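Engineer: Can you read through this structure? Questions will come right after.
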Amino acid sequence: MSQLKRVIGLPGLCLYGIGVTLGAGIYALVGEIAGLAGLYAPLAFLLAGTLAAFTGLSYAELGSRYPESAGEAAYVDYGFRRRWLTALAGYGVALSGSISSAVVLHGFAGYLGALVPVPGWIAISGALVVLVAVASWGVRASVWIAGAITLVEAGGLILIIAVAAPGAIAAPAPADFGPVPWAGLFGASVMAFFAFIGFEDIANMAEEVKRPRRTLPLAILITLSVSAVIYLAVAWVSVRALPPEVLASEGGPLAAVFEQATGLDGRGIALIALLAMVNGALVQIVMVARVLYGLAGRALAPAVLGMVHPGRRTPVVATLVAGGIVALLALSGALGPLAIAASTVTLLVFSLVNGALLALRLRQVPGAPGSFRVPLWVPAVGLAASLAVVTGTIVTGL
């Protein structure tokens, strides 16, 4: 099986991780979370980020121990030594990533159609052709294009924070936050947890990363930290700029916050959201291709998916297959139930990953010299948190 080329350093990997974690969701998600948690929306993000951090730390140790493509499949393989569980984890990640990309492309088509009269299927097909071409061209190009869009995407959020913060600081504090809406806060925290999903994609780039035992854990921790700070700040200025019920009713809540703070047109924020969607789809396609490549290396997928272009050093067949799967899902139109299923599958994979690290540690399997290590209770809490969020997803109907 051909080898991938190690060309990604820490800055590029961090931009890749931050790009897929921030994604396009926060541009719409903050309104829904404010509708559920009211003025306690920042607390929902804080709780969600804390829960996600435990699984993130487990990924950091496992990525440092076993820097391989199809990271989750590798971790489960080493932890449980059951091929069916290994396959379940790998294909679960590939499916959830493909669905996430399809959902994002549907959102992209909707936003674009509101600005330019383009049929949805043409917008989706055209975007996919470009994204698959970029992903096939080379991982360096893919990562740096994703990184450039990430800077714009994060810049839009930072701009919103900057223009809305003075008014938020000057505004009088609410006389009474009211009783904590526990049911709403729980539902909002479950929803906010999904905003932190994306850090796990970093693990699947392991075979193209320089010094992976050091770079992977750092990139995961930096990604989660930066995303958490931005989310908390965005949630705080948003609920201070507009009443939560108004935020919840806005189709583009952050555009409304920008307009409220500046008096300017918020369509620029909508354009940034379009870029964020393209970025999210690109990163997911790149990730799915690496998962398929890694599964082929473990004889859990057809060997052809392990083929690497001799010049570009990218898994070009796996990339084309990933693009085809995304196209079928995106053009099917039945994305609502699939999106819920993808979220549930992701959380079950998180449970398997935390369980795999627990199994390794309980068997006292040593890590490589100098690899990252977390306390034993971290994967235990990560496992409990992942299962709790799965339960919360089912109970709240998210």
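The values are calculated or read from the model by the stated rules, or taken from the named source; none is laboratory data. Because the structure is predicted, anything quoted here is derived from the model rather than measured. Positions of Cβ are backbone-derived with ideal geometry, glycine not excepted, and every protein chain shown enters the neighbour counts. With ligands, DNA and RNA removed, areas are computed over all heavy atoms of the protein, side chains included. Shrake-Rupley method; radii C 1.70, N 1.55, O 1.52, S 1.80 Å.
Engineer: Can you tell me how many residues in the range 93-107 are over 15 Å from the mean Cα position of the chain (by Cα) and open to solvent by less than 30 Å² (accessible area, probe 1.4 Å)?
Structural biologist: To start, the set of residues in the range 93-107 that are over 15 Å from the mean Cα position of the chain (by Cα) comprises 106-107.
Among the residues that remain, those that are also open to solvent by less than 30 Å² (accessible area, probe 1.4 Å) are: 107.
Residues meeting the conditions: 1.
Engineer: While we're looking at this one, here's another question. Can you list the helices (runs of 4 or more DSSP H) found entirely within the range 150-256 that contain at least 2 residues being open to solvent by 30 Å² or more (accessible area, probe 1.4 Å) and within 30 Å of Ala368 (Cβ to Cβ)? It would help to see each step written out before you state the result.
Structural biologist: On the way: elements: 182-196, 212-241, 244-249.
Result: 212-241.
Engineer: Search the range 18-34 for residues being modelled with pLDDT under 90 and of a type in the set (Gly, Ala, Ser), and hand back the single one that is farthest from Glu207 (Cα to Cα).
Structural biologist: In this case the residue turns out to be Gly31.
Engineer: Also, quick follow-up: So is Ala73 in contact (Cβ under 8 Å) with a residue 12 or more places away in the chain, assigned to a helix (DSSP H, G or I) and in contact with a Ser or Thr (Cβ under 7 Å, 6 or more places away or on another chain) or not?
Structural biologist: Working: in contact (Cβ under 8 Å) with a residue 12 or more places away in the chain: yes; assigned to a helix (DSSP H, G or I): yes; in contact with a Ser or Thr (Cβ under 7 Å, 6 or more places away or on another chain): yes.
Judged against the criteria, Ala73 is a match.
Engineer: Residue check, Trp236 against (1) among the aromatic types (Phe, Trp, Tyr); (2) at pLDDT 90 or above; (3) in contact with a Ser or Thr (Cβ under 8 Å, 6 or more places away or on another chain), all met but one. Which one?
Structural biologist: If we test Trp236 against (1) among the aromatic types (Phe, Trp, Tyr); (2) at pLDDT 90 or above; (3) in contact with a Ser or Thr (Cβ under 8 Å, 6 or more places away or on another chain), just (3) comes out false.
Engineer: Look through Ala206, Ala281 and report the one residue that is within 24 Å of Ser96 (Cα to Cα), touching an Asp or Glu at 6+ places or on another chain (Cβ under 6 Å) and touching a residue at least 24 places away in the same chain (Cβ under 8 Å).
Structural biologist: Working: Ala281 fails: touching an Asp or Glu at 6+ places or on another chain (Cβ under 6 Å).
From the options Ala206, Ala281, the qualifying one is Ala206.
Engineer: A further question follows. Out of Gly56, Gly110, which single residue is part of a helix (DSSP H, G or I) and closer than 22 Å to Leu328 by Cα? Full working, then the answer.
Structural biologist: Working: Gly56 fails: closer than 22 Å to Leu328 by Cα.
The match here is Gly110.
Engineer: Considering Pro42, Pro11, Pro67, which residue is at negative phi, at pLDDT 90 or above and outside any helix (DSSP H, G or I)?
Structural biologist: Values: Pro42 fails: outside any helix (DSSP H, G or I); Pro11 fails: outside any helix (DSSP H, G or I).
The unique qualifying residue is Pro67.
Engineer: Run down Ala301, Ala342 and say which single residue is under 30 Å from Ser386 (Cβ atoms), of a type outside the set (Val, Ile, Thr) and either modelled with pLDDT under 90 or in contact with a Pro (Cβ under 8 Å, 6 or more places away or on another chain) (or both).
Structural biologist: On the way: Ala301 fails: either modelled with pLDDT under 90 or in contact with a Pro (Cβ under 8 Å, 6 or more places away or on another chain) (or both).
Checking each option against the conditions leaves just Ala342.
Engineer: Take the residues in the range 31-54 that are open to solvent by less than 10 Å² (accessible area, probe 1.4 Å) and among the small types (Gly, Ala, Ser); name whichever of them is farthest from the chain's Cα centre (by Cα).
Structural biologist: Here is the first cut: in the range 31-54, the ones open to solvent by less than 10 Å² (accessible area, probe 1.4 Å) are 31, 33-34, 37, 41, 44-45, 48, 52.
Pick out the ones that are also among the small types (Gly, Ala, Ser) and you get 31, 34, 37, 41, 44, 48, 52.
Details: Gly31: 19, Ala34: 21, Ala37: 22, Ala41: 20, Ala44: 18, Ala48: 14, Ala52: 11 Å.
Ranking the qualifying residues of the range 31-54, first place goes to Ala37.
Engineer: Check Ala60, Ala74 and return the single one that is out of contact with any helix residue (DSSP H, G or I) (no Cβ under 6 Å at 6 or more places or on another chain) and surrounded by 23 or more Cβ atoms within 10 Å (Cβ to Cβ). Break it down stepwise before answering.
Structural biologist: Values: Ala60 fails: out of contact with any helix residue (DSSP H, G or I) (no Cβ under 6 Å at 6 or more places or on another chain).
One residue alone meets the criteria, Ala74.
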